[in-house]
Amino acid sequence: MKKHISTPLTLDKVKDLHSGDEVLLSGVIYTSRDAGHKRLVEAHQKGEKLPVDLKDATIYFVGPTPAKPGQALGSCGPTTSYRMDAYSPYLIRNCGLTGMIGKGKRNEQVIDAMKECGAVYFGAIGGAGALLSQCVVKAEIVAYEDLGAEALHRLEVKDMPLTVVIDCYGENLYKTGVENYLKTKK
Amino acid sequence: MRVVNASEITKTVRQLCIDANVNLPEDVCRAIDMAIQREDYLPARNTLELLVENYSIAAKNQVAICQDTGLACVFVEIGQEVYVDGSIEDAINEGVRQGYRDGYLRKSCVADPLRRTNTGDNTPAMIYYEIVKGDGLKITVAPKGFGSENMSAIKMLVPADGVEGVKKFVLDTVANAGPNPCPPIVVGVGIGGTFDKAALLAKKALLRDVSRANEDPFYRRLEDELLEKINRLGIGPQGFGGKTTALGVNILAMPTHIAGMPCAVNINCHVTRHKSKEI
């Protein structure tokens, strides 16, 4: 059974999400990856106002392809998340970020911040860019346009298929999923 | 001497860039389809079915299968009796430029690894030339995404490590990569040569159809054994658990020094793209 959830991801919603849950996410999310994260953190550290309010917000780690005529956004599967590990704890602790969408492992510092403040890490299907593109209803660049594919986009998504990989309790599907599978083999 | 016009090369590269990024090669499609039949863990099967849906949408709508349309790796096999009328390198880069622009593909190339300004047109291509006999000219475009490239590794094994050393290094590399390179993966292994040649062999191994068995029975057995062991790790599609961690293991080997046994592992994701054309 897939859960329907919508942004903003307030703490009560975060607490209700558990590792392994399959969800369909709708609402506004923001895109950012390597260079964009660096700028967000540096801007905040300097006391500048961020281009978007990250309180209860969700960031999707993605650099889409350009939209073809008729598309809101091009192919847009997740990029590997560990490259954002250097920045995510800061955004969770200092800017109120509660949701992240990507693929692949996160480090202990990220998981600690998620547990401490209440945040969730979703996995989108890596490599399924064409499929995920169909969930994007509207897309606009709101900052860092000079970064090209890495620009900060505001996306409106509908029923984006995601899996809760790490929840705010620190449970991690990358560990339990493999363990569960291997148990079926015994 | 056969004369090939540079513009012909540009046209071919442009088309191959688009084709490779929107139409998943038949062998990879088939390998995913077959994996679904074999996969006995339901969540994993559901994930694999989404991958089929994804590559079908991409082909139908002629959009990129994956947003990481890669660095454009271009392999050129050029007969020594071919004369190219114009700059072959400029012609290839122009083809990449046009293909990535006209195909709505992502420009993922920065001009310098430390200063990191995007070149804006996905050039320069990563070009590998091989001069062969005759008057043929074959071009292969294999866009390489970096989620999987970043999980690749090389090790200067020594003769005493033997085949067990190779197996351990391949398995450790795949296990360490876990969910990061978008499994199910294709594993390219290069053994022998020098430090650099081993890495190139591993990359070239990824060009071989996953369905095609190694011509050398020794390496065919090694590939089969490694594939079985990788698929016993339990990583599964997307790392959520399951049988299907890899779709194939392709090995290329070559002569090496009496003191050495370089071993490179180049990992590719389930979007293992390669398209070729002879001019």
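Readers should treat all values here as calculations from the given coordinates under stated rules, not as data from a laboratory. Since the structure is predicted, the reported quantities are computational estimates derived from the model, not experimental observations. All Cβ positions, glycine included, derive from the backbone under ideal geometry; neighbour counts span all protein chains shown.
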Compactness index (Cα Rg / 2.2 N^0.38 Å), the range A:3-184: 0.97
Choice from A:Leu73, A:Leu131, A:Leu54 showing the highest fluctuation, given a GNM over chain A with Cα pairs closer than 10 Å: A:Leu131
Expected 222 nm ellipticity per residue - DSSP helices of 4 or more, -39500 (n - 2.57), all of chain A, to 500: -8000 deg cm²/dmol
Amide proton proximity set for B:Thr69, modelled H, under 5 Å, gap of 5+: B:Arg106
Karplus-derived 3J(HN,Hα), 6.51/-1.76/1.60, for each residue of the range B:104-116, Hz, glycine and proline x: 6, 9, 7, 8, 10, 10, 9, 5, 9, x, 9, 8, 6
Helix-only mean residue ellipticity at 222 nm for chain B, each DSSP H run of n ≥ 4 adding -39500 (n - 2.57), per residue, nearest 500: -12500 deg cm²/dmol
Isolated Cys in the protein assembly as shown, by beta carbon distance under 4.7 Å: A:Cys76, A:Cys95, A:Cys117, A:Cys135, A:Cys168, B:Cys17, B:Cys29, B:Cys66, B:Cys73, B:Cys109, B:Cys263
Reachable lysines, given that their alpha-carbon falls under 27 Å from the alpha-carbon of B:Lys277 and they are not under 8 places away in the same chain: A:Lys68, B:Lys11, B:Lys60, B:Lys107, B:Lys133, B:Lys138, B:Lys144, B:Lys197, B:Lys203, B:Lys204
Cα-projected label distance for B:Asp209 with A:Arg93, points at 7 Å along beta-carbon direction, nm: 5.4
Qualifying trypsin sites (Lys or Arg not before Pro) for the range B:150-251 [loop in DSSP, other Cβ within 10 Å: at most 16]: B:Arg212, B:Arg232
Pairwise label distance in nanometres, B:Gln62 with A:Lys38, each label 7 Å out on the Cα-Cβ vector: 3.7
For residues of B:102-113, the mean tally of beta carbons on other chains within 10 Å: 3
Unit charges on C-beta of K, R, D, E only; dipole of the protein assembly as shown, Debye: 500
Neighbour net charge for B:Arg30 - beta-carbon separation under 12 angstrom, K R +1, D E -1: -3
Three-way shape call for the range B:46-145 based on the alpha-carbon gyration tensor, with the a/c threshold at 1.5: oblate
Efficiency of FRET between B:Val132 and B:Glu49 - r from beta-carbon atoms, R0 30 angstrom, step 0.05: 0.10
Approximate spin-label separation A:Lys115-A:Glu140, in nm, with each point projected 7 Å along Cα-to-Cβ: 4.1
A:Lys138 long-range amide H proximity, modeled H, under 5 Å: A:Glu156
Euclidean distance of C-alpha centroids, the range B:201-225 and the range A:1-69, integer Å: 41
Along each principal axis, Cα extent of chain B, largest first, Å: 52, 50, 39
3J(HN,Hα) from dihedral phi, the range B:84-95, Karplus parametrisation 6.51/-1.76/1.60, rounded to Hz, x for glycine, proline: 8, 7, x, 7, 5, 5, 4, 5, 5, 4, 5, x
A:Glu171/B:Asn23 FRET efficiency (R0 30 Å; Cβ-Cβ; nearest 0.05): 0.15
